[in-house]
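The next block holds one structure in the form of structure tokens; read it before the comments.
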Amino acid sequence: MISTAIRLARVGSRSELAAALLMALGYPCVLAGALMPNIWLFAGASAVTYAADRYLHHKGSYLVDRLAKVRAGLPIRFLVRQLLLILLLARENLAEEPIFYAAVACFLLFYALQAPQGAIATLIRIRRTMPVVTRNVDLHAVRIADAPPKALLSRSGEKMLHLDIPAMAGLLWAAGTGRTAAGYIGVAVTLGLGLLYVLLLVPYLRRSRLVPSTPAVMKAIGNWTREYQPTVVLYFSGSDESAYQVNMWLDTMEKIDGRPLIVMRERTLVPKLAATNVPIICVPGGTHMMNLDLSSARVCLYPANVGKNIHMLRVPTMKHVFIGHGDSDKLASVNPFSKVYDEVWTAGRAGRDRYALADVGVRDEDIVEVGRPQLAPIKSWTGTPKNPIPTILYAPTWEGWDANPGNTSLLLAGENIVRALLTSKTPVRLIYKPHPFTGLVNPKARAVDARIKKMIADAAAARAAEPRWAKEAASAAAGQDAARAELARLGERLAVLENPFRKGGDESEESRVALADPERLAETRRLRAEWNDAYWRSFGWWEHKVVTGSRPQLYDCFNEADGMVSDISSVVSDFIASGKPYAVTDSAGLGAEEFKRQNTAVRAAIVLTNSATELGQLIEAVADPVADTLTDARRDLRRYLLGPDSPSSIDRFNTALRTLAAKAEARNSGLAQRLADQPTAPEVDREAEDSLEPEERTPAAR
């Protein structure tokens, strides 16, 4: 019932639903308090509406946007409350008193102040917005002033509206006690604070407090690109949840031969990128993007097939390559759009065969096998569990856009998989790491995810109470406490290193100061490794765990696990690099043989039905090497999917880059030569042309 109400109300949690109900009930109570009249009912109900409104805004509830679309937005709700206070004063027989007119004048003047306050705040935001957002790009050629205090611009409209509280409180006190002085004081405070807010914003309209003009910024960017001369570009556009698709390529971009540059299109993604010393330019506008000087670049890499790729694909002086953000048997890995690129780079032979089988127009000679450079951190399996009991990672993918039951195991098998692992006769530790997109399209997936997290929390609590594990916990308590303390210390230091900007600065100011710092980056990576080690030591090797967020990363979970359960996705292909046993769920019910025939990555897997009854085979394979009958199959599949171990993937990647850059250079040189060899138009004798009849003149002279 409650979950249904949450879904219908489009709120994210029980607390949001409670706040929405309180606000919905509060306004009728405010009206009743004004009509009765009952000052205390009015005051109490008003306080509830203020608090509920504030909470929903703080949580960023979707309901707030929905109310605005049906003309019940925040300003209207404040206005209604103020009008009802006027009604209350009239019902209290104060309509002929000066305090009544003071109240009316106060709210009129208060709304008059909101117009310049909102206009100035909006103008400052607009004039503080640069056409680009950068990282590791030197913009010293343009002067970018510090951002205004965040307290002035953050939720400025909401803050301005809440300045009516002194007037509301003072007028209610005056109505209830007859002491009108409190009302006048409240009115004066509200109007004074509103005027002060406007005056505090005005200085930030000065030119010296704003950012340079768009032509000046784009000129500085052009000068920088001509000086830096980028040779390889990684181009990306995507949703707010897709930053991981760029982050997985950052280390590779740092290791490539040449001068790398990352070009992005969405401002909101830039703060979500991991620390890197690769220059980043985010160009949201299509016009600015098409005028960006990338004449020195010879290769452009694309991790995703999106519409905005066309803005870069139009550049003929570079070669365009689809590299993707994972290698799997999903349909996305054989998207027909891929034929617009000069080349498609796959990890191994499997990717080439996948395109041939799909027959979507990608020619075999345009496919290059380069391996997966990102997989270098994944450790190979030793053949035995890392800890006294095996650790199984459950990493399901998300539900996808098309509601295909084969996309994710969560909906039909997720709870069965988790239950089987938690109740296994051979004790195992479960690590659950859901896909970041889980529940994005299907609310049922979000609900299953929540239930699984609760199951794991309950199982972890039950295990902690068992004598065997309680004894282990007691002996490891000191070490875990030390690890948690270390984790907190490292987290604080990483927060400083990963966000070196001034608190309250905006994206324009951050673009000015976000320059590459090799020492900071090296320290960040060292501390991340220490943080990861401390994280796994902060709880017992027997404790079930839910892992979400950016840390620890998926590959860190790979290294901690002895086996994995997942779905058809790049997660499976990447895990195969470890050589560890794994299981894949046949959620669509194709049957084991057909499932393996259609999905290459399943050939060395234990196939699970939605009942998950086959999980015992995985647990046996992980716990006892003798029971693992698929070792050789996994080794062969690894070579087929990811390519040979030697030369290394990064070497193959760099070789492919050099080869394609040479092709681009040859194309550009050939074009320049052909243009130079073209005959020039003959000189035209203007006097002779003028003496001819119009139809006898040359086309150029007409």
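Readers should treat all values here as calculations from the given coordinates under stated rules, not as data from a laboratory. Worth saying up front: this structure is predicted, and the values here are computed from it rather than measured. Every residue, glycine as well, gets a Cβ built from its backbone with ideal geometry; the counts of neighbours run over all protein chains shown.
As a rough footprinting exposure proxy, the listed residues MET289, MET36 were ranked by other beta carbons within 10 Å of their own, and the order from fewest upward is MET36, MET289. Across the range 496-510, rounded Karplus estimates of 3J(HN,Hα) from the backbone phi angles (6.51 cos²θ - 1.76 cosθ + 1.60, θ = phi - 60°) give 6, 5, 7, 9, x, 7, 5, 4, x, x, 9, 5, 5, 5, 5 Hz, Gly and Pro being marked x.
Charge tally for SER237 (other residues, Cβ to Cβ under 15 Å; Lys, Arg +1; Asp, Glu -1): +2. If you compute Cα Rg over 2.2 N^0.38 Å for the structure shown, which of (1) 1.05; (2) 1.55; (3) 1.20 do you land on? This structure yields the entry labelled (3).
Our note on the geometry: Cα centres of the range 167-227 and the range 472-501, 41 Å apart. Taking a straight Cα-Cα cut-off under 18 Å and skipping sequence neighbours fewer than 8 places away in the same chain, the lysines within cross-link reach of LYS150 are LYS159, LYS503. A quarter of the convex hull surface defined by the alpha-carbon atoms of the range 285-326 gives 3.0 nm² as the mean projection.
Near LEU608, the amide H atoms lying under 5 Å from its own belong to VAL584, THR585, ASP586; only residues 5 or more places off or on other chains count, and H is placed 1.01 Å from N.
Take every Cα pair under 8 Å in the range 316-454 that's 6+ residues apart, average their separations, divide by the length, and report that relative contact order as a whole percent. Before the final figure, lay out each step's value.
Working: 166 pairs, mean separation 24.6, N = 139.
Value for the range 316-454: 18 percent.
Tell me the relative contact order for the chain as a rounded percent, counting alpha carbon contacts under 8 Å between residues six or more apart.
Contact order relative to length: 13 percent.
Residue ranges 671-678, 48-55 sort as 48-55, 671-678 when ordered by packing (mean number of other C-beta atoms within 10 Å per residue, highest first). Based on the convex hull around the alpha carbon atoms, the range 232-365 presents an average projected area of 8.1 nm². For LYS386, list the lysines whose Cα falls under 30 Å from its own Cα; do not include residues on the same chain fewer than 8 positions away. Counting by Cα, and skipping residues close in sequence, LYS386 has these lysines nearby: LYS425, LYS433, LYS453, LYS454, LYS471, LYS545, LYS580, LYS596.
Once backbone amide H atoms are built at 1.01 Å from N, GLY505 has no partners under 5 Å, excluding neighbours fewer than 5 places away on the same chain.
Give the range of the longest stretch in the chain that excludes all GluC sites (Glu not before Pro) found in loop regions by DSSP and having at most 12 other beta-carbon atoms within 10 Å. Could the numbers behind the result be given before it?
On the way: sites that count: GLU96, GLU683.
Result, exposed sites excluded: 97-682.
Only Cα pairs under 8 Å and 6+ residues apart enter the sum, and on that basis the relative contact order of the range 9-79 stands at 34 percent. Each residue of the range 156-169 was assigned a 3J(HN,Hα) from its phi angle through the Karplus curve 6.51 cos²θ - 1.76 cosθ + 1.60 (θ = phi - 60°); the sequence is 4, x, 5, 5, 4, 4, 6, 6, 7, 4, x, 5, 4, 5 Hz, with glycine and proline shown as x.
The residues HIS58, HIS544, when put in order of fewest to most other Cβ atoms within 10 Å, stand as HIS58, HIS544.
In which sequence would ASP517, ASP327, ASP628 go, from the one with the fewest C-beta neighbours within 10 Å to the one with the most?
Starting with the residue having the fewest Cβ neighbours, the order is ASP517, ASP628, ASP327.
Distance distribution P(r), the range 359-444, all Cα-Cα pairs, bin width 5 angstrom from 0: 2, 10, 15, 14, 13, 16, 14, 8, 4, 2, 0 percent.
Working note: Karplus 6.51/-1.76/1.60 with θ = phi - 60° gives the range 379-389 the couplings 8, 6, 6, 8, x, 9, x, 6, 10, x, 10 Hz, where Gly and Pro are set to x. Each 5 Å bin from zero up to the one holding the largest Cα-Cα distance in the range 439-529 carries the following percent of pairs: 3, 10, 11, 10, 10, 12, 14, 14, 9, 4, 2, 0. Against the empirical 2.2 N^0.38 Å (N residues), the range 482-618 has a Cα radius of gyration ratio of 1.43.
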